[in-house]
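Reviewing the structure listed below.
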Amino acid sequence: MPLVSTIELLRKAEAGGYAVGAFNCNNMELVQAIVAAAEAENAPVIIQASQGAIKYAGLDYIAGLTKIAASKSGIPIALHLDHGTSFEQCIQCMLAGFTSVMIDGSKLPLVENINLTNRVLRAAKAVGVSVEAELGKIGGTEDDIVVSEREAFFTDPLEAKEFVQSTGVDFLAVAIGTAHGRYKGIPQLNFELLKSIRALINVPIVLHGSSGVPDIAIRKAISLGVSKVNIDTNIREAFVESAKRVIYDKPEEIDPRKLLGPARDAATNLIREKIRLFGSSGKA
Ligand code: G3H
Ligand code: 13P
Ligand code: ZN
């Protein structure tokens, strides 16, 4: 089937008390792994492209690969721009067929973040694309800041309310203790903060940096209103560890398919586990 509306997937998830996995792709094998996992679990799924993915593979390749995968599948698949950096990039993604875009104005002062999001929203609404924004700063594990410092970047619930009211954004990424990349310790999520945000905004909430967050914390976040869970790092780990194993076991191997095939299977298995964790199995 054609690519589907991201916000519609998230509204259904919200009503059903589960979350949709948003999995990052960088190449054909990862697109295939995400779709194979969603098909095996009969789950709706979001394929997303980061800045790095766009640089590496190219926007058109990612859109093309995903559209082909969706057209061959009976599973609802959405295509999302992850951490969009500019109005122009969001427009390019809309033209390429993405069904949602994230405009990440989290580094801007509140009013500028609101203005930028509104500009993207006006264009997106005209073509039926949904929009994610970020409030608070999620950052990366490599930022090397201690938890108490990171708290200064957490999403302020009153600002979240003001942001949603001033923009009508479709879904909102919040900073409640997660970070992108590999955690050095066990991340501690601020669930009281998540509850306060949930009480003040009525749009689906997005959890970034979800690789390495304990399953129990993911389940709790979903029970408190998270409807989109972003996973990248765990997929990279599964994919690359599998490829490394082949190289280690058979150093004479020269056929890329013998590395990438098992790596694709490893990514598929990891994504299936995440889909089950998010409760979206059987919700296609
Ligand atoms: O959102 C962050 C991604 O996990 C990092 O993406 O390194 O592909 O730009 P990138
Ligand atoms: P991880 O790489 O930590 O899973 O984060 C993914 C993410 O938030 C993409 O936007
Ligand atoms: Zn992210």
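Of (1) touching a residue at least 40 places away in the same chain (Cβ under 8 Å); (2) within 16 Å of ligand 3 (Cβ to nearest atom); (3) under 24 Å from Ala123 (Cβ atoms), Ile47 satisfies all except one. Which?
It is condition (1) that Ile47 fails.
Looking at region 242-271 only, could you name the residues that are touching a helix residue (DSSP H, G or I) at 6+ places or on another chain (Cβ under 7 Å), of a type in the set (D, E, K, R) and part of a helix (DSSP H, G or I)?
Across region 242-271, the qualifying residues are Lys258, Arg264.
Looking only at region 91-142, how many residues end up being without any contact (Cβ under 8 Å) to a residue 24 or more places away in the chain and either part of a loop (DSSP other than H, G, I, E, B) or touching a Gly at 6+ places or on another chain (Cβ under 7 Å) (or both)? Lay out the reasoning, then the answer.
Within region 91-142, the subset without any contact (Cβ under 8 Å) to a residue 24 or more places away in the chain is 95, 108-109, 111-112, 115, 122, 125-126.
Next, only the ones that are either part of a loop (DSSP other than H, G, I, E, B) or touching a Gly at 6+ places or on another chain (Cβ under 7 Å) (or both) stay: 108-109, 112.
Residues in region 91-142 being without any contact (Cβ under 8 Å) to a residue 24 or more places away in the chain and either part of a loop (DSSP other than H, G, I, E, B) or touching a Gly at 6+ places or on another chain (Cβ under 7 Å) (or both): 3 in total.
Considering only residues that are assigned to a loop (DSSP other than H, G, I, E, B) and farther than 18 Å from Ala19 by Cα, which ones fall in region 170-190?
Listed by number, the residues that qualify are Gly177, Ala179, Gly181, Arg182, Tyr183, Lys184, Gly185, Ile186, Pro187, Gln188, Asn190.
Does Glu8 meet the test of being more than 25 Å from Ala221 (Cβ to Cβ) and at pLDDT 95 or above?
Spelling it out, it is not the case that Glu8 is more than 25 Å from Ala221 (Cβ to Cβ) and at pLDDT 95 or above.
Give Leu110, Leu121 a once-over and let me know the one that is away from ligand 2 (no atom under 16 Å from the Cβ), among the hydrophobic types (A, V, I, L, M, F, W, C), surrounded by fewer than 24 Cβ atoms within 10 Å (Cβ to Cβ) and within 29 Å of Tyr183 (Cβ to Cβ).
Sole residue among the options that is away from ligand 2 (no atom under 16 Å from the Cβ), among the hydrophobic types (A, V, I, L, M, F, W, C), surrounded by fewer than 24 Cβ atoms within 10 Å (Cβ to Cβ) and within 29 Å of Tyr183 (Cβ to Cβ): Leu110.
Determine which member of the set Gly52, Gly21, Gly84 is in contact with a Lys or Arg (Cβ under 7 Å, 6 or more places away or on another chain) and either in contact (Cβ under 8 Å) with a residue 12 or more places away in the chain or within 14 Å of ligand 2 (Cβ to nearest atom) (or both).
Of the residues listed, the single one that is in contact with a Lys or Arg (Cβ under 7 Å, 6 or more places away or on another chain) and either in contact (Cβ under 8 Å) with a residue 12 or more places away in the chain or within 14 Å of ligand 2 (Cβ to nearest atom) (or both) is Gly21.
Pull up region 186-206, narrow it to residues that are in contact (Cβ under 8 Å) with a residue 40 or more places away in the chain and within 16 Å of ligand 2 (Cβ to nearest atom), then point me to the one that is surrounded by the fewest Cβ atoms within 10 Å (Cβ to Cβ).
Selected residue: Gln188.
Have a look at Thr268, Thr167 and point out the one that is away from ligand 3 (no atom under 16 Å from the Cβ), farther than 18 Å from Gly21 by Cβ and among the hydroxyl-bearing types (Ser, Thr, Tyr).
Within the list Thr268, Thr167, the selection yields Thr167.
Tell me whether region 222-233 contains one or more residues that are touching a residue at least 12 places away in the same chain (Cβ under 8 Å), over 18 Å from Thr268 (Cβ atoms), more than 16 Å from ligand 1 (Cβ to nearest atom) and surrounded by fewer than 16 Cβ atoms within 10 Å (Cβ to Cβ).
Yes, because at least one residue in region 222-233 is touching a residue at least 12 places away in the same chain (Cβ under 8 Å), over 18 Å from Thr268 (Cβ atoms), more than 16 Å from ligand 1 (Cβ to nearest atom) and surrounded by fewer than 16 Cβ atoms within 10 Å (Cβ to Cβ).
The values are calculated or read from the model by the stated rules, or taken from the named source; none is laboratory data. Everything numeric here is computed off the predicted structure, so don't read it as measured data. With ideal geometry, Cβ positions are generated from the backbone for all residues, glycine too; neighbour counts draw on all protein chains shown.
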